[in-house]
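Have a look at the structure below before the remarks.
No lab work stands behind these numbers, since they all come straight from the coordinates. Keep in mind it's a predicted model, so treat the numbers as computed, not measured. Neighbour counts are summed over all protein chains in view; Cβ atoms, including those assigned to glycine, are modelled from backbone coordinates with ideal geometry.
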Amino acid sequence: MNIEVKVPYLGAGIEKARVTFIYCEPGDTVKQDADLFELTADKAAFNVPSPCSGRIGELKVSCGDTVSVGDVICSILA
């Protein structure tokens, strides 16, 4: 099953963030709740955890990219 990981709700009034760190690469095995990405918005950092265990499929972002809430940032083959 292919699970899409999306930018989560980041807080009131925060619609966009910058990808500041990527903790995974395609092919990596991850466990549920493991940090996948770090996003920065309005001087606050947010970690995006894995919603499930599985193998990282495709990364759809790079460091420095600006993403919006709801954007797909990677896929996990569960």
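Below is a table of values for the structure above.
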item: Neighbourhood charge, 14 Å Cβ-Cβ cut-off, centred on PHE46 and excluding it, Lys, Arg +1 and Asp, Glu -1; result: -1
item: CYS24, CYS52, CYS74 arranged by Cβ crowding within 10 Å, fewest neighbours leading; result: CYS52, CYS24, CYS74
item: Number of Lys pairs (Cα under 17 Å; 8 or more positions apart or on different chains) in the chain; result: 5
item: Integer Hz, Karplus 6.51/-1.76/1.60 couplings in order for segment 67-78, x for Gly and Pro; result: 10, 10, 3, x, 5, 7, 10, 6, 10, 10, 8, 9
item: The chain: relative contact order in percent, alpha carbon pairs under 8 Å with at least 6 residues between; result: 43
item: Charge context of SER62, other residues only, Cβ under 15 angstrom, K/R +1, D/E -1; result: -3
item: Candidates LYS43, LYS16, LYS60: whichever shows maximal mean-square fluctuation once the chain is modelled as a Gaussian network with Cα springs under 10 Å; result: LYS43
item: Using alpha carbons only: equivalent-ellipsoid semi-axes of the chain, gyration tensor based, whole Å; result: 21, 12, 11
item: Net charge of Cβ neighbours under 13 Å - reference VAL72; Lys, Arg +1; Asp, Glu -1; result: -2
